[in-house]
């Protein structure tokens with residue numbers, strides 16, 4: 001994907017790792033994002049599944065894409 005999200009510095013938070021879920025509009029433009037903490041990728045994916053509401057999304061941890069939902 002050409003339009004990678006902006007670089008977000010990796011922060012190890014006391015309760016977990018910082019993640020950001022990006023919601024896309026009908027195209028390749030980010031509509032909104034939600035930043036949160038999770039213990040690991042598996043937990044972040046489970047949390048994201050509850051928020052995405054069937055929308056096209058990408059889950060990122062810092063500059064690493066964890067998962068994409070089409």
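The values are calculated or read from the model by the stated rules, or taken from the named source; none is laboratory data. Not measured: the values here are computed from a predicted model. So basically every Cβ, Gly included, is an ideal-geometry build from the backbone, and we count neighbours across all protein chains shown.
Okay, here's what the table says:
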{"quantity": "Output for segment 32-66, where each listed residue is in contact with a helix residue (DSSP H, G or I) (Cβ under 9 Å, 6 or more places away or on another chain) and under 10 Å from residue 19 (Cβ atoms)", "calculated": "34, 36, 37, 38, 59, 61, 66"}
{"quantity": "Residue match in segment 43-57 (condition: assigned to a strand (DSSP E or B), at pLDDT 95 or above and surrounded by 15 or more Cβ atoms within 10 Å (Cβ to Cβ))", "calculated": "yes"}
